[in-house]
1. Could you identify the single residue in A39, A9 that is in contact with a His (Cβ under 6 Å, 6 or more places away or on another chain) and modelled with pLDDT under 95?
2. Please indicate, with yes or no, whether at least one residue in the stretch 48-69 is out of contact with any strand residue (DSSP E or B) (no Cβ under 9 Å at 6 or more places or on another chain), modelled with pLDDT of 95 or more and either surrounded by fewer than 14 Cβ atoms within 10 Å (Cβ to Cβ) or hydroxyl-bearing (S, T, Y) (or both).
3. Quick test of your reading of the structure: G147 fulfils all but one of (1) surrounded by 13 or more Cβ atoms within 10 Å (Cβ to Cβ); (2) modelled with pLDDT under 75. Name the failing condition by number.
4. Is it the case that L126 is at pLDDT below 95 and closer than 19 Å to P192 by Cβ?
5. For T97, all conditions in the list (1) part of a helix (DSSP H, G or I); (2) of a type in the set (S, T, Y); (3) closer than 21 Å to A62 by Cα hold save one; what is the number of the exception?
6. Considering only residues that are in a helix (DSSP H, G or I) and surrounded by 13 or more Cβ atoms within 10 Å (Cβ to Cβ), look in the stretch 178-203 and name the one that is farthest from the chain's Cα centre (by Cα).
7. Can you pull out every residue in the stretch 102-137 that is surrounded by fewer than 17 Cβ atoms within 10 Å (Cβ to Cβ) and not in a helix (DSSP H, G or I)?
8. Regarding the stretch 108-115, can at least one residue be identified that is under 15 Å from T234 (Cβ atoms) and in contact with a helix residue (DSSP H, G or I) (Cβ under 6 Å, 6 or more places away or on another chain)?
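The values are calculated or read from the model by the stated rules, or taken from the named source; none is laboratory data. Just so it is clear, the model here is predicted, and its values are computed rather than measured. Glycine also receives a Cβ, built like all others from the backbone with ideal geometry; neighbour counts cover every protein chain displayed.
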Amino acid sequence: MLHDDLWSAVEHKFAGAEFFFREMGRDIVPPHLNHPQLAAIVATGGIVDNRWQERFYHHFDAFLTMARSIPEIIRSCFGIDPIMRSWISSLDVSEVTRRQNFQTQFGPLSRTFTTLPLSGARNITLHRTGVPPVKVQVIGRWGTYSGGPLSAIPQSELHQVIAGNDPALQWAATEPPAPVQPQAADFSLLIPTGSSSSTVQLFPECQGFLEAARKLVAEAQRISQATHGTNPLTPPPPV
């Protein structure tokens, strides 16, 4: 099989990770910024339902799955996947040797990628708790609101004002609810550290994970060229 076809599959998965990362950013953009009619509603004090919490965490899950699968796909296509021992043994001896040489060089790079915090987050959401270890904290006008995949934050806030005879408070009591709208900087990734956990900003961490995946693909291509050259490769079986 032509190497370009195998690399196209890897690039397809990387493009999927990029897509879901972009969707995460779009999820938290207030809808009225892109729709004049909704902007008119907001201008009158109305609250437009963004429903970002119904999408954001699922897109993050998908991002983790796509990005984390990249080294696994590279290993199966160009190296040695120990799960497929019987298939490997059916290949030509020269191809097996080339795959072993590839895996020897690629393995340490792949293991480094799997130690990144978001690789651990992928294991948590897929194999342990079922939800990604991420939280959001928004400082509103009247309070601070914290949430996550299983704990939604409110869409709006309203300060309870007891006006009495105070004209200023009477005016404040007529103010409409204020939206509780998160920004990218409000999201944090929880990183387990023994019995406790530390946090980092989620969006920069995702961007760094994508960059690490990009570099991993580039290094794998270099190793493949040196070990496989133009020799044909057998595509891995679907099962």
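1. Checking each option against the conditions leaves just A39.
2. Yes, some residue in the stretch 48-69 is out of contact with any strand residue (DSSP E or B) (no Cβ under 9 Å at 6 or more places or on another chain), modelled with pLDDT of 95 or more and either surrounded by fewer than 14 Cβ atoms within 10 Å (Cβ to Cβ) or hydroxyl-bearing (S, T, Y) (or both).
3. It fails just one condition, (2).
4. The answer is yes for L126.
5. (3)
6. The residue in question is D186.
7. T115, R128, T129, G130, V131, Q137, listed by residue number.
8. Looking for residues that are under 15 Å from T234 (Cβ atoms) and in contact with a helix residue (DSSP H, G or I) (Cβ under 6 Å, 6 or more places away or on another chain), one finds none in the stretch 108-115, hence no.
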